[in-house]
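Shown next, in C-alpha cells, is the structure this report addresses.
The values are calculated or read from the model by the stated rules, or taken from the named source; none is laboratory data. None of these values were measured; they are calculated from a predicted model. So basically every Cβ, Gly included, is an ideal-geometry build from the backbone, and we count neighbours across all protein chains shown.
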Amino acid sequence: MPNKFETAFAQADKDGSGTIDLAEAQQIVKALGFDYTEAQVETFFKKYDADNSGTLNKSEAEALVREVYPAAFE
Ligand SMILES: [Ca+2]
C-alpha cells in the first residue's frame, strides 16, 4: 500500500512526469494536512531543488517531505 507521500505525490503529478512544480508542491503540503504559507513552501522547495531545475523529482520531493512530515512515510 502506498504511504501518504506516495499518494500525495501521485495526485499532484497529474501528467505522470515524475516531477512536480511549485504549485504542485503546494498541493502536496495541503494534501498532507499542513498549513504552511505559500512562502514557507517556496523556501522548502528551493532548498530541496538540488539541481535548480524549478521542479522536484520524486527523490527531491521525498527529502522535502521527510523534513516537514516524516510520518508521511509510515
Ligand atoms: Ca530539481
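Points to keep in mind about this one:
- Here L56 passes the criteria (1) modelled with pLDDT of 90 or more; (2) surrounded by fewer than 11 Cβ atoms within 10 Å (Cβ to Cβ) except the one numbered (2).
- Here the helices (runs of 4 or more DSSP H) wholly within segment 1-72 that include at least 3 residues being in contact (Cβ under 8 Å) with a residue 24 or more places away in the chain and more than 16 Å from the ligand (Cβ to nearest atom) are 4-12.
- Checking G54, G33 one by one, the residue that is within 14 Å of K4 (Cα to Cα) and of a type outside the set (A, V, I, L, M, F, W, C) is G33 and no other.
- Residue match in segment 2-16 (condition: under 19 Å from F73 (Cβ atoms), under 13 Å from the mean Cα position of the chain (by Cα) and β-branched (V, I, T)): yes
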